[in-house]
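The values are calculated or read from the model by the stated rules, or taken from the named source; none is laboratory data. It should be emphasised that the depicted structure is a prediction, and the values quoted were computed from it without experimental measurement. With ideal geometry, Cβ positions are generated from the backbone for all residues, glycine too; neighbour counts draw on all protein chains shown.
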């Protein structure tokens, strides 16, 4: 085989590898696109239902140095998506969710000069809407500050796809408390069940979202080898009477069915 033939063979092999890699990347991108599309369609429809129902929020927010804030209601649910160009076409790239846990109550909080700035930083950190007024004595020295804090907390989530690896990164803010949670899983693992459980988690309903996240191949830890159990001698148990068959399980309603039933009642 001549030099030219050898180079052509190497070039053909590299081209074949590039084609295989491109097809693999495209497969990952399609999986991410389908997962994000599924999330957007479900959460967008859920938001339309919530904006009609005005669902009470079960979340209790712990405002430092103040206490628990409860008795809130969900309002102004919003869902949107962003596209991303990858390889040769546009795919779903991100999905954004937002709602508000709100009440018309306004907290009036008095802080001393030693605590004013610390409390102000907390309000800015949690993105809580407020206004304040400082009070001074006859010598123009600040004696205290009164903060008027609105019970209006933004709850947000963001689904971000990695089209190259086929993974999802999900960030949630202020779901249940003033915290930021980050989850990861593969796009193929984010099916219909996962979307609904995330929706329940997002609005504070009983859910198995944590179990779904822990079950992801990205989060499983290598299990320790299990030692074989010694074989036990056979034990003979006298025959027992057959138990009566269990009652038929009740039909379980999905999240949408529950919301629609609430709308019909209204």
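Against the criterion of being under 30 Å from the mean Cα position of the chain (by Cα), within 30 Å of residue 91 (Cβ to Cβ) and free of Cβ contacts under 8 Å to residues at least 24 places away in the same chain, residue 169 qualifies. Looking at 76, 68, 6, just one residue is farther than 26 Å from residue 189 by Cα, part of a strand (DSSP E or B) and either modelled with pLDDT under 85 or under 19 Å from the mean Cα position of the chain (by Cα) (or both), and that residue is 76. Condition (residue is closer than 23 Å to residue 40 by Cβ and surrounded by fewer than 20 Cβ atoms within 10 Å (Cβ to Cβ)) applied to segment 57-73: is it met by at least one residue? Checked segment 57-73: no residue is closer than 23 Å to residue 40 by Cβ and surrounded by fewer than 20 Cβ atoms within 10 Å (Cβ to Cβ). Residue 107 meets all of the listed conditions (1) without any contact (Cβ under 8 Å) to a residue 40 or more places away in the chain; (2) more than 28 Å from the chain's Cα centre (by Cα); (3) within 22 Å of residue 174 (Cα to Cα) but one, namely (1). Among the numbered conditions (1) surrounded by 15 or more Cβ atoms within 10 Å (Cβ to Cβ); (2) in contact with a helix residue (DSSP H, G or I) (Cβ under 6 Å, 6 or more places away or on another chain); (3) more than 17 Å from residue 199 (Cβ to Cβ); (4) at pLDDT below 95, the only one that residue 53 does not meet is (3).
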